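A.B. asks: One structure coming up, written as structure tokens, with questions to follow.
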Amino acid sequence: MVERIKREWFSNIRGDILAGIVVALALIPEAIAFSIIAGVDPMVGLYASFCIAVIIAFVGGRPGMISAATGAMALLMVPLVKDYGLQYLLAATILTGIIQLIFGLFKIAKLMKFIPRAVMIGFVNALAILIFMAQVPHFVGISTLTYVFVAITLIIVYVLPRFFKAIPAPLIAIIILTSVAIWGHLDLGTVGDLGRITQTLPSFFIPDIPFNFETLQIIFPYSVALAIVGLLESLLTSSIVDDMTGTESNKNRESRGQGIANIITGFFGGMAGCAMIGQSVINVKSGGRGRLSTLVAGLFLIFLILVLGGLVVQIPMPVLVGIMIMVSIGTFDWTSFSYLRKAPKTDALVMLTTVIIVVATHDLSKGVIAGVILSAIFFVAKISKLEVRRRQTSKEIIFDVTGQLFFASVEGFIKAFDFNIAEDVNIVIDFSHAHIWDDSGVGAVDKVVIKYRENNNHVTIKGLNASSKKIIDKLAVYQDANAQLKAH
């Protein structure tokens, strides 16, 4: 226990603190922007980012991962806020957390194994594209000086680490370029242009809504959607950070942690949130590895709001845009282009479909679900190729079945048999190299056997493995005096 605490909290103190500071600075414009998307006051997003980051540092399952208010969640909140207002959003946030906590207790994270690698690659690439697209309005077509600051930021974050690594390059870029912009009175867009920052701590309160079934009917659909999208993004981000750091994480604990964080956040005036791949990548690339980096990000965020709010609003947006462009470049899986050439066509199509749907809808869940469904369809199509070979001896006709017999392969199975056989011929159907999976497969066997029985043929089924025999014994209807079942 003590060893685990030391490893997760104090094995990388300096790197975690500096990385957390960088993340906090980058969180502010995003939290404000996501609040605007959801249609609420900027402080709702900022309070959410502070609360979730601090809480998840203690209860999350992935050290070094950043959770806060996110765009994917904000998009789902728009209709609720528009129709019912902030108080109902806070109630939905609390219910979202409760649902996520239940998911975590039931170990819903096990479903992650059903997400194929092609979908993961598509998810990552789509997020990288969305991160970049979100920066475009902040620098394209604004001014030449804006382009210059974005370019200088990118030069600093890419070139400086080759010579100096003691302080994260993004933090140096923010400090130097903000100082230049303030002292030079340069005409640049700033964080303050996105919304007003109130220098006050969040306070505990219970949402001012009627506690009745009607309220539950209103918020429940939104909470379920928020819970699923939040967990999906969090667990996928957790897997990505696992790969980046070469470490493992507790996905079920992460599910429970996200739930606890959202429950508490709702009582402190914050909107629902989840893991952020962009900020998590910033944290890892800035040297953050442990829980301390997530805690520092949350604490430094509230410090910036309370103490340095006047300076924070003067941070030039082009600097933060440059950092986020770096994140999008680092997030994108550049081996995808060779993957498209080398991978099976079905996997390449799944990856592209995931990317296109996520980018088109700005909804991570739709892209991932579409990718999983498409992968399942391709997989079913691949394993449904079943072969039936006929061979004949002096005493009998044998049909050797090879492959998987289930709902998708039954049609081909039935068509493979020749029913124009003379009466009283012994028929053997050998399943030694096949497996019967479901009721549809049993029904197909029934149909074949009954047709031969009607032709007065003697039918023997052999070679069934234990699982196939069990389902045949339970569901088959052809076992009577005119047909024999011999399972070997």
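The values are calculated or read from the model by the stated rules, or taken from the named source; none is laboratory data. Keep in mind that what you see is a predicted model, and the values were worked out from it rather than measured. Cβ sites come from the backbone with ideal geometry, for glycine too, and all protein chains shown count toward neighbours.
A.B. asks: I315: at pLDDT 90 or above and β-branched (V, I, T), yes or no?
C.D. replies: Values: at pLDDT 90 or above: no; β-branched (V, I, T): yes.
No: the conditions fail for I315.
A.B. asks: Take the residues in the stretch 231-264 that are within 30 Å of G322 (Cα to Cα) and of a type in the set (V, I, T), then tell me which one is surrounded by the most Cβ atoms within 10 Å (Cβ to Cβ).
C.D. replies: Filtering the stretch 231-264 for residues that are within 30 Å of G322 (Cα to Cα) and of a type in the set (V, I, T), the one surrounded by the most Cβ atoms within 10 Å (Cβ to Cβ) comes out as T237.
A.B. asks: Same structure, new question: Pick from the stretch 327-345 the residues that are surrounded by 11 or more Cβ atoms within 10 Å (Cβ to Cβ) and among the hydroxyl-bearing types (S, T, Y): which of them is farthest from A128 (Cα to Cα)? Quick ask: steps written out before the conclusion?
C.D. replies: Kept after step one, since they are surrounded by 11 or more Cβ atoms within 10 Å (Cβ to Cβ), are these residues of the stretch 327-345: 327-334, 336, 339-340, 343-344.
From what's left, among the hydroxyl-bearing types (S, T, Y): 328, 331, 336, 339.
Values: S328: 4, T331: 5, S336: 13, Y339: 17 Å.
My answer is Y339.
A.B. asks: Hey, which of the helices (runs of 4 or more DSSP H) in the stretch 1-120, taking only ones fully inside, have at least 2 residues that are closer than 15 Å to M276 by Cα?
C.D. replies: By residue number, 13-38, 42-59, 71-84.
A.B. asks: Next question, about the same structure. Conditions: (1) at negative phi; (2) modelled with pLDDT of 85 or more. V327 meets all but one. Number of the miss?
C.D. replies: (2)
A.B. asks: What do you reckon, is A173 farther than 30 Å from L235 by Cα, part of a helix (DSSP H, G or I), of a type outside the set (D, E, K, R) and outside the structural domain of R14 (by TED's automatic domain parsing)? If you could, list the steps in order and put the result at the bottom.
C.D. replies: Numbers: farther than 30 Å from L235 by Cα: yes; part of a helix (DSSP H, G or I): yes; of a type outside the set (D, E, K, R): yes; outside the structural domain of R14 (by TED's automatic domain parsing): yes.
For A173, the condition - farther than 30 Å from L235 by Cα, part of a helix (DSSP H, G or I), of a type outside the set (D, E, K, R) and outside the structural domain of R14 (by TED's automatic domain parsing) - is met.
A.B. asks: Please go through the stretch 137-177 and give me each residue that is buried (at least 17 other Cβ atoms within 10 Å of the Cβ) and modelled with pLDDT of 90 or more, ordered by number.
C.D. replies: Selection gives T146, F149, V150, I152, T153, L154, I156, L177.
A.B. asks: Here's something else I'd like to know. Check L130 against each of (1) touching a His at 6+ places or on another chain (Cβ under 8 Å); (2) surrounded by 23 or more Cβ atoms within 10 Å (Cβ to Cβ) and name the one condition it does not meet.
C.D. replies: (2)
A.B. asks: Right, another one. Can you tell me which of A31, A38 is under 16 Å from L299 (Cα atoms), in contact with a helix residue (DSSP H, G or I) (Cβ under 6 Å, 6 or more places away or on another chain) and assigned by TED's automatic domain parsing to the domain that holds T198?
C.D. replies: Numbers: A38 fails: under 16 Å from L299 (Cα atoms).
Of the residues listed, the single one that is under 16 Å from L299 (Cα atoms), in contact with a helix residue (DSSP H, G or I) (Cβ under 6 Å, 6 or more places away or on another chain) and assigned by TED's automatic domain parsing to the domain that holds T198 is A31.
A.B. asks: Could you name every one of the helices (runs of 4 or more DSSP H) located completely within the stretch 201-307 that has at least 2 residues being among the hydroxyl-bearing types (S, T, Y)? Working first, answer last.
C.D. replies: On the way: elements: 213-245, 251-267, 277-285, 291-306.
It comes to 213-245, 251-267, 291-306.
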